[in-house]
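The next block holds one structure in the form of structure tokens; read it before the comments.
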Amino acid sequence: MTRHRKRKIAGLVKCCALIVLPLSAAAASKGLPNAVELLKRAGNVSLGQKEPSDTGTFVSQPCYTIEGTADSEDILNIISEGYGINEETEDVGDSTSPLDMVSDNPGEKPYPSEEDWKAGGSIIRTTYGTFSGTTYFNLESFGQVNNKTSVPNETLIEESRYLPDFKIEDTDQPQVLIYHTHTTESFEPYVREFYDAGFNYRTTDETKNVIMVGNEIEKQLKAAGIGVIHATDIHDYPSYNGSYDRSRETVTKILEEYPSIKVALDIHRDAISGEGTAYQPVAEINGREAAQIMIISGCDDGTLDMPDYMKNFHFAAYLQQQIEGDSPGLTRPVLFDYRKYNQDLTTGSLLIEVGSHGSTLEQVQYSGQLIGSSLAKALNSLKEN
């Protein structure tokens, strides 16, 4: 079967899915208003109105497939280890399909060609909705947090109301750094029922790994007038061990050269899988499929030498609400856990998992565009007057 025919069939499947989606999905939450207009008091921010249900939780995400419970945490929180339709849509730009991109230098581990793909385990398409359980809580307007620490939820709820601890300036200097600790992490070529068990979803081809996702975020930031550096250094190949040490060296050098940088985003992809299965976390955004994302904000248990971790959490909560408000259903809960991930280097350092190894190249490309658009809005709202 040719690639064109496969993509055509995939398109028909998408159309059918849109027809049978519940009508409630069309009532997805409206986009997040400009944060500046919602400032309530100095140092605090309200990003919208909460709509309580009978249990006092927010109703903000359409859930097309499943609703999570505390029993679902094992699936929700698998971290990469190497391996609604809105009435008004916003144009985030268009890019060449990753399937049609050709790398000038695919490197030592190229992406498999179409004829090399083999059928292996099953791919399960799913959409993560609102989660319940003692570790989860709702942010003030949109999105959730999964608190895996001993910090009380009540403390984090209060902290989530604070603005990020940095300001964006009107300057030509870069203020955002995008990089990739696990640079070779890759994805499925297109929507299909099976994955190739012989492919470990790592490639040095920058048009088929997380560099491509970072490129989409970079484009949106530049279009919004925000200076950005995208470091495309490979840190996890040929050796995976020591990836974070190598990416730390890269980030440290860039921060020394450009002290104007306020935000450092480590863009990854997740690896959500089970026995003989790979999960494809997907959401319908403006009639297109996007891979669901998860922000990770680290916490210090006293052993990680990261005293300013709560400042990163302020930014995580702020960005989560912006993204989920703009694109209902795109985010999984922010993971707040005892992890460092070089997040001690700035007060705007976060790790973002874009999709999983079961996600397709076009799904994660679109997610990169949506992340970049919302990030640009969030940062521009933090500009000094």
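The values are calculated or read from the model by the stated rules, or taken from the named source; none is laboratory data. As the structure is a prediction and not an experimental result, all values here were calculated from the model. For neighbour counting, all protein chains shown are included, and Cβ atoms are generated from backbone atoms with ideal geometry for every residue, glycine included. Accessible surface is based on the protein model in full, side chains and every heavy atom, while ligands, DNA and RNA are left aside. Shrake-Rupley method; radii C 1.70, N 1.55, O 1.52, S 1.80 Å.
Leaving out ligands and nucleic acids, note down the accessible area per residue over the stretch 200-306 with a 1.4 angstrom probe, in whole Å².
36 Å²
Using unit Cβ charges (K, R positive; D, E negative) and no other charged atoms, how large, in debye to the nearest 20, is the dipole of the stretch 172-274 about its Cα centre?
Dipole size: approximately 140 debye.
Say the cut-off is 21 Å between C-alpha atoms; which of LYS222/LYS377; LYS109/LYS340; LYS109/LYS219; LYS311/LYS377; LYS148/LYS208 go over it?
Result: LYS109/LYS340; LYS109/LYS219; LYS148/LYS208 exceed 21 Å.
Between GLN144 and residues 5 or more places away or on another chain, which pairs have amide H atoms under 5 Å apart, with H built 1.01 Å from N, and which residues are they?
LEU139, VAL334
Which whole-Hz couplings ³J(HN,Hα) result when phi for each residue of the stretch 354-360 is put into the Karplus expression 6.51 cos²θ - 1.76 cosθ + 1.60, θ = phi - 60°, listed in order with x for Gly and Pro?
Residue by residue, the stretch 354-360 yields 9, x, 9, 5, x, 6, 8 Hz.
HN-Hα J couplings of the stretch 310-315 from phi, Karplus 6.51/-1.76/1.60, θ = phi - 60°, integer Hz, Gly and Pro as x?
5, 5, 5, 5, 4, 5
Amide H of GLY348: which non-local residues (sequence gap of 5 or more, or other chain) have their own amide H closer than 5 Å, using H built in the peptide plane?
ALA264
On the full set of protein chains, 1.4 Å probe, figure out the accessible area of TYR309 and give it in Å² to the nearest 10.
Spelled out: TYR309, probe radius 1.4 Å, area about 50 Å².
Using the Karplus curve 6.51 cos²θ - 1.76 cosθ + 1.60 with θ = phi - 60°, work out ³J(HN,Hα) for each residue of the stretch 185-197 in order, rounded to whole Hz, and write x for Gly and Pro.
With the stated coefficients, the stretch 185-197 comes to 4, 10, 9, 5, x, 6, 5, 7, 8, 10, 10, 8, 5 Hz.
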